[in-house]
Amino acid sequence: MIPTIDGKTNDWDIVPESYVIGADQMVDDMHGRTFDPKHFNARVRVGWVKGLNRLYFLYEADKDYWDFSQPDLHNDTFEIVVDGDLSAAR
């Protein structure tokens, strides 16, 4: 199944909890710190469609302050890095 981008998340119910990455596993790489769940909490579900070799991500976040008044990168950024050959683990 391919997730539908429609604002509804029920098609992600088939993805098990073991495929969820929580804010406790994320790091602020600009400041080298972890996140305080009182100020920022996020969950990322990762899905893979067999036969298409595509990854899909559902990003859900709660934050005590959002500011989208400026178009530059002062806002939060979510980056995905895929280390296909595990070279970073060496």
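The values are calculated or read from the model by the stated rules, or taken from the named source; none is laboratory data. Source: prediction; values computed, not measured. All Cβ positions, even for glycine, are placed from backbone atoms using ideal geometry, and neighbour counts span all protein chains on display. Only protein heavy atoms, including side chains, enter the accessible area calculation; ligands, DNA and RNA are left aside. Shrake-Rupley method; radii C 1.70, N 1.55, O 1.52, S 1.80 Å.
Here the stretch 1-75 is treated with +1 on each Lys and Arg Cβ and -1 on each Asp and Glu Cβ, and its dipole about the Cα centre works out to around 320 debye. When Rg and Dmax of the Cα atoms in Å is calculated for this entry, the matching label among (i) 23.7, 68; (ii) 12.9, 47; (iii) 15.2, 42 is (iii). Mind checking which lysines have their Cα closer than 23 Å to the Cα of Lys63? Skip sequence neighbours fewer than 8 apart in that chain. Partners within reach: Lys8, Lys38. Comparing Gly47, Gly32, Gly22 in a Gaussian network model of the chain where C-alpha atoms under 10 Å apart are linked, the largest mean-square fluctuation is found at Gly32. Surface composition of the stretch 1-69: carbon plus sulfur atoms contribute 54% of the solvent-accessible area (1.4 Å probe, protein chains only, all chains present).
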